[in-house]
Amino acid sequence: MMKRLHIMMLLASVLVPAVTMAGKDFHGKFHYGVEWGVSNTFASWTHCTFQTTEGYVVENRDVEYSALMNANVLGFVSMDISKWVWLSAYSGYTGLKKGEHVIPLTLRGSFALNRTGTANPGAVFIEGGCGFRKGARVSAIARAGYTYRVILSSFMALDLTAGAHLTFSHPDVYDKYSERKVPPEALGVSSSLNTGVFLSMALVF
Amino acid sequence: MCLPTYAAGSGPDVEVGVISSPRSAGAGVSFAPRGNSRSVLRLYADVLDMIGGKHKSPGVKADYHLMFSHSPIQVNDDTHLVLSIGPGVAMGYVSDTDFDHGFAAGVSCMASAALRFSRVPLTVSMDFSVTAGFRATQKSQFDQTLTLYKNGLRRCWIPELTIAYRF
């Protein structure tokens, strides 16, 4: 019950200030918002080593192809550096690949495609940061793409974003002989280089 | 779904939108203003508990609501707020608190707060819907159950965000 109450309060804290700011110019220096969407990591190059319960050392290198869709739900704050450059800090919950959901912390630099900046729709961006997951090493996240901004009102805009992502993560490893997750003390290397595409939309206040 | 009130014949007849939420992802259409009511038909994937990884595959759900709203509240020069509520029906092939999918059907009610913009023909709405119904599952020929569709009631607090284009 308290969790639900907290979420409702969080929603209210996002939306109420936005509505009460109505009438001000949207092109302020600071903005905030929520972004959500889907991503597909279509290729992963994995490398792992571990020791089996019988004492053998197993090394595995593999390329995985997947059509699995992951979801992203992120909150962000952004600051306009100039009329055509702005920086945004993102965090929330995102899926990197099958079985790997992380809490990302990333910084995005957006560059408007014309000199009037955020008044016009198109911008390209690059983004980098890290992802945190319980019981795993920190993952690296890099993204790049294009954002189309629709200014809905003087206090609100809609961003439509498409791009590609490249992540370096440390997935859980399963022993295919015992069909169990390899415990940390038996795990040597576990790394995965993942690439894919994503689509998202965002409400910006 | 966005549900602004229009005088008959004066407003747009059709709105088409995308629904996104931790519980649903899909599309909706609202149409045929008649007096102060508006029909809303939605078809969406039931993705409840998929983000957390509890469920691996989505269900599918459809609902229809007849929404009633008051006159729009002017927020600023280019934005109006429309609050609406209405009864409806819902059905689908969905999972519940267990892991199995099953056919569910019931009566429904939806409340909506929509921001309608005049700069662009878009409406952004936050909706809450509750479904009271039953769900039938069949694990085998001799293992069939009919239970209350618990998630329709327990998860109604999760908002659904709709971004709709007004034609």
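The values are calculated or read from the model by the stated rules, or taken from the named source; none is laboratory data. Quick caveat: nothing in here was measured; it's all calculated off a predicted structure. Using ideal geometry, Cβ is built from the backbone for each residue, glycine included, and neighbour counts are taken over all protein chains shown.
Out of B:Ser112, B:Ser30, B:Ser108, B:Ser84, which single residue is free of Cβ contacts under 8 Å to residues at least 60 places away in the same chain, in a strand (DSSP E or B) and surrounded by 15 or more Cβ atoms within 10 Å (Cβ to Cβ)?
B:Ser108
Among the residues of the range B:57-81 satisfying the criterion of being in contact (Cβ under 8 Å) with a residue 60 or more places away in the chain and surrounded by 15 or more Cβ atoms within 10 Å (Cβ to Cβ), which is nearest to the other protein chains (Cβ to nearest Cβ)?
B:His80
Does at least one position in the range A:164-177 carry a residue that is under 21 Å from A:Tyr32 (Cα atoms) and away from chain B (no Cβ under 14 Å)?
no
May I ask you to verify whether B:Arg155 is in contact (Cβ under 8 Å) with a residue 12 or more places away in the chain, within 12 Å of chain A (Cβ to nearest Cβ) and either exposed (fewer than 15 other Cβ atoms within 10 Å of the Cβ) or among the charged types (D, E, K, R) (or both)? Write out each step before concluding.
Working: in contact (Cβ under 8 Å) with a residue 12 or more places away in the chain: yes; within 12 Å of chain A (Cβ to nearest Cβ): yes; either exposed (fewer than 15 other Cβ atoms within 10 Å of the Cβ) or among the charged types (D, E, K, R) (or both): yes.
So B:Arg155 passes the test.
Among the residues of the range B:115-167, which ones are closer than 18 Å to A:Met201 by Cβ, assigned to a strand (DSSP E or B) and of a type in the set (Val, Ile, Thr)?
Answer for the range B:115-167, where residues must be closer than 18 Å to A:Met201 by Cβ, assigned to a strand (DSSP E or B) and of a type in the set (Val, Ile, Thr): B:Thr123, B:Val124, B:Thr162, B:Ile163.
For the range B:87-102, give me each residue that is of a type in the set (Asp, Glu) and surrounded by 15 or more Cβ atoms within 10 Å (Cβ to Cβ).
The answer is B:Asp96, and nothing else.
What is the one condition in (1) modelled with pLDDT under 90; (2) over 19 Å from A:Ser191 (Cα atoms) that A:Gly37 does not satisfy?
Against the list (1) modelled with pLDDT under 90; (2) over 19 Å from A:Ser191 (Cα atoms), A:Gly37 comes up short only on (1).
Which residues, taken from the range A:28-87, are closer than 18 Å to A:Phe111 by Cα and more than 19 Å from the chain's Cα centre (by Cα)?
A:Gly28, A:Lys29, A:Phe30, A:Asp80, A:Ile81, A:Ser82, A:Lys83, A:Trp84, A:Val85, listed by residue number.
Can you confirm whether the range A:115-123 contains a residue that is at pLDDT below 90 and of a type in the set (Val, Ile, Thr)?
yes
Each row is one residue, and each column tells you yes or no for (1) over 30 Å from B:Val75 (Cα atoms); (2) modelled with pLDDT of 95 or more.
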position: A:Gly129; (1), (2): yes, yes
position: A:Ser154; (1), (2): no, no
position: A:Leu158; (1), (2): no, no
position: A:Ala162; (1), (2): yes, yes
position: A:Tyr177; (1), (2): yes, no
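Give the range B:78-101 a look and list any residue that's under 13 Å from B:Gly152 (Cα atoms) and modelled with pLDDT under 90, or say none.
Correct list: B:Val94, B:Ser95, B:Asp96, B:Thr97.
Confirm whether A:Ser139 is in contact with a Cys (Cβ under 8 Å, 6 or more places away or on another chain), more than 14 Å from chain B (Cβ to nearest Cβ) and buried (at least 20 other Cβ atoms within 10 Å of the Cβ).
yes
From the list A:Gly122, A:Gly95, which residue is of a type in the set (Gly, Ala, Ser) and within 14 Å of another protein chain (Cβ to nearest Cβ)?
The unique qualifying residue is A:Gly95.
From the list A:Leu87, A:Leu74, which one is within 13 Å of chain B (Cβ to nearest Cβ), hydrophobic (A, V, I, L, M, F, W, C) and more than 17 Å from A:Phe168 (Cα to Cα)? I'd like the intermediate steps shown before the answer.
Working: A:Leu87 fails: within 13 Å of chain B (Cβ to nearest Cβ).
When all the criteria are applied, what remains is A:Leu74.
Looking only at the range A:77-89, count how many residues are within 19 Å of A:Ala142 (Cβ to Cβ) and either touching an Asp or Glu at 6+ places or on another chain (Cβ under 7 Å) or acidic (Asp, Glu) (or both).
Qualifying residue count, the range A:77-89: 1.
For A:Gly99, all conditions in the list (1) out of contact with any Cys (no Cβ under 6 Å at 6 or more places or on another chain); (2) on the phi < 0 side of the Ramachandran plot hold save one; what is the number of the exception?
(2)
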